[in-house]
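Reviewing the structure listed below.
Derivation of every value follows stated rules applied to the coordinates shown; laboratory data play no part. Bear in mind the structure is a predicted one, so any value in this text is a computation, not a measurement. Note that each Cβ is placed from the backbone with ideal geometry, even for glycine, and that neighbours are counted across all protein chains shown.
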Amino acid sequence: MKGNKKLIQVLNSLLADELTAVNQYMVHSEMNANWGYEKLHKHFEKRAIDEMKHAEKLIGRILFLEGLPVVTSLKKITIGADAAKQLAADHAAEADAIMAYNQAIKLAGEVADFATREILEKILNEEDAHIDKIEELQDQMGHMGAAIFLTTQV
């Protein structure tokens, strides 16, 4: 099925966001593993896998719409030097993703591609859950202080 050219471009931009997030989360995961923060390591690792699954869905949809997935483009990766900076960087990336998905959903509706819109809405709901979890961890760190919070992450 030949898809809308502009929508395919937007899907490729979302794909770049997801591939960037995979890399950022993987580095954060391994940093936390290296520091001995097993719970944070698992948190970031799971997030990287979730973002990989989003990328897979976008690639599948782009191919279905007879577009060419662009997997060579990444956006700016922000690696945090400590857990607080990692969570802040990831929060910013998720907030940007939520905004981008909302815009893409609107475009999909405007070009009457409701199947793509539904796929994007499902991913958006997962991105909402991601930012909620990040905010939960940031709140815990704020309430406990970084040192005590990190002792709960071993």
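A compact table of results
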item	result
Radius of gyration and Dmax over the Cα atoms of the chain, both given in Å	16.7, 54
Residues of region 5-32 with amide N under 16 Å of a point placed 7 Å along Cα→Cβ from residue 66	5-9
Region 33-83 - Rg (one decimal) and Dmax (whole number), Cα, Å	15.0, 45
Förster-model FRET efficiency, 35 Å R0, residue 6 and residue 39, C-beta, rounded to 0.05	0.25
Mean ellipticity per residue at 222 nm, deg cm²/dmol - from DSSP H runs of n ≥ 4 across the chain, formula -39500 (n - 2.57)	-28500 deg cm²/dmol
Debye intensity ratio I(q)/I(0), log10, region 59-99, q values 0.14, 0.28, 0.32 Å⁻¹ (C-alpha model)	-0.50, -0.91, -0.99
Above-threshold pairs, the threshold being 20 Å between Cα atoms, out of 42/85; 6/46; 46/122; 2/122; 42/76	6/46; 2/122; 42/76
